[in-house]
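The values are calculated or read from the model by the stated rules, or taken from the named source; none is laboratory data. Note that the coordinates shown come from a computational prediction; the quantities given were computed from them, not determined experimentally. Reconstructed Cβ throughout: ideal geometry from the backbone, glycine too, with neighbour counts over all protein chains shown. For accessibility, only protein heavy atoms count, side chains too; no ligands or nucleic acids. Shrake-Rupley method; radii C 1.70, N 1.55, O 1.52, S 1.80 Å.
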Amino acid sequence: MARPLSWVPVLDVSHSAVTPFTLRQISVFVRSHNGYGHVLTRSPLPQDFDCPSWTYTAAPIQGPWRMPNASVLVGKLEDPEMDIMLEIPANNPDRSPALIDLAICTAMPGCRWIVYRKPGVGAMAASHAILRLASLYPHASLWLDQPSIGWDLAAYLLAADDRLQLLHIPDQELSQLVDIATALQRPIILHDFGPHKALPMAALPQHAFLPPVPSSDMTSLPVYPGYL
């Protein structure tokens with residue numbers, strides 16, 4: 001069976017502090033995705049708040065954290081066509097960014113590499129860079145940032161290497177992922193980075209086709225007196 005494509009709903013509220021309004025926004029987001037969804041905040045969520053998949057940008061010593069720019073750590077993988085951001089799980093034994101190595105991150109459960117396409121970079125150069133990264137680190141968990149990668153290049157990369165996954169897909173563009181999965185004959189699973197298992201995604205609702213309403217014939221003049 002073909003490797004599934006994953007759909008991870010993502011809510012980014014890291015632009016503001018965690019407030020009661022933010023918590024309500026997160027609750028609505030998670031409920032609207034069947035209890036799944038990854039949330040990114042600026043500071044930690046309250047201990048009693050139920051959100052199984054989340055990361056924050058200003059983490060304390062004991063919490064998870066993310067490096068917004070990992071290119072200084074990539075070394076031989078530095079490339080003008082892409083930016084790589086590493087998301088490190090909370091059980092990282094050494095939090096010093098200067099000491100983190102990509103090979104170590106590969107072996108760490110839950111570590112994700114999120115690849116961004118830089119503005120203005122052509123599809124050919126970006127695809128070569130991403131596929132080279134995948135070949136050099138075959139066991140890495142590689143996620144492509146869909147908004148910067150673009151749907152056309154994403155479709156090509158998913159067909160070229162079934163280990164790649166897409167991230168940051170807006171809800172209103174989910175049908176694009178469904179079309180790609182259908183063409184590649186790959187199932188779609190809904191999940192996040194929390195502890196619960198992936199959920200096979202149900203088919204999107206299909207609306208009945210409504211034929212267009214016949215319009216008036218505008219090729220000839222009206223014949224009834226009201227228009228004369």
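Table for the structure above
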| read-out | value |
| --- | --- |
| Selection within the stretch 142-191 - among the aliphatic types (A, V, I, L, M), in contact with a helix residue (DSSP H, G or I) (Cβ under 9 Å, 6 or more places away or on another chain) and not in a helix (DSSP H, G or I) | 142, 144, 164, 166, 167, 169, 188 |
| Hits in the stretch 1-26 (condition: touching an Asp or Glu at 6+ places or on another chain (Cβ under 8 Å) and surrounded by fewer than 16 Cβ atoms within 10 Å (Cβ to Cβ)) | 2, 3 |
| Condition met for residue 185 (polar (S, T, N, Q) and under 25 Å from residue 32 (Cα atoms)) | no |
| Boolean, residue 99 is of a type in the set (A, V, I, L, M, F, W, C) and either surrounded by 11 or more Cβ atoms within 10 Å (Cβ to Cβ) or at pLDDT 50 or above (or both) | no |
| In the stretch 130-141, residue most open to solvent (accessible area, probe 1.4 Å) [restricted to those that are assigned to a helix (DSSP H, G or I) and closer than 13 Å to residue 164 by Cβ] | 132 |
| Single residue of the stretch 186-197 satisfying the filter (surrounded by 15 or more Cβ atoms within 10 Å (Cβ to Cβ) and more than 15 Å from residue 2 (Cβ to Cβ)) that is modelled with the highest pLDDT | 190 |
| Matching residues in the stretch 27-38 - criterion: being under 21 Å from residue 188 (Cβ atoms) and either surrounded by fewer than 20 Cβ atoms within 10 Å (Cβ to Cβ) or touching a helix residue (DSSP H, G or I) at 6+ places or on another chain (Cβ under 9 Å) (or both) | 29, 31, 32, 33, 34, 35, 36, 37 |
| Sole residue being closer than 14 Å to residue 3 by Cβ, of a type outside the set (Val, Ile, Thr) and open to solvent by 30 Å² or more (accessible area, probe 1.4 Å), chosen from 159, 183, 155 | 159 |
| Pairs with Cβ under 7 Å, 6+ apart, first in the stretch 17-43 and part of a helix (DSSP H, G or I), second open to solvent by 20 Å² or more (accessible area, probe 1.4 Å) | 22/16; 23/49; 26/11; 29/11 |
